[in-house]
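All of the numbers you see were taken from the coordinates with simple rules; none came from a lab. The structure presented is a predicted model; accordingly, all values stated were derived computationally and were not measured.
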Amino acid sequence: MNEEPVLMLNDKKYIISEMSDVQKMLVSELNLLEQDLTITRRQMDRLTLAKEGYVSRLQTDLEAPPEPSDDTNEKPAT
């Protein structure tokens, strides 16, 4: 049995095929916006994790003992 696509809005069902063209366009835009929101949430999650990684790396580097440097301003003994 094939059911027609239905929109649930405020606990009420609307059969999409019975909507006007403008209403169908609005439903389509809402669907696209929902997809955009999902993508944006994923991007935010990725960016948040990346930031946490950079903060962790910086904290580790700041707390590590300094490495000896080959560049010293000391003059060789004569």
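Tell me the mean residue ellipticity at 222 nm calculated for the chain from its helices only (DSSP H runs of n ≥ 4, each -39500 (n - 2.57), averaged over every residue, nearest 500).
-20500 deg cm²/dmol
Would you mind computing the Rg to Rh ratio of the chain from its alpha-carbon coordinates, Kirkwood style for Rh? Show your work: numbers first, answer last.
On the way: Rg = 29.3 Å, Rh = 18.6 Å.
On the Cα set of the chain, Rg over Rh gives 1.57.
Could you give the length gained by full extension between Gln23 and Arg57, i.e. 0.36 nm per residue of separation minus their alpha carbon distance, to one decimal place?
Extending this stretch completely gives an extra 7.2 nm.
Nearest 10 degrees, 0 to 90: what angle lies between the long axis of helix 21-63 and the longest principal axis of the chain (Cα atoms)?
The two axes meet at around 20 degrees.
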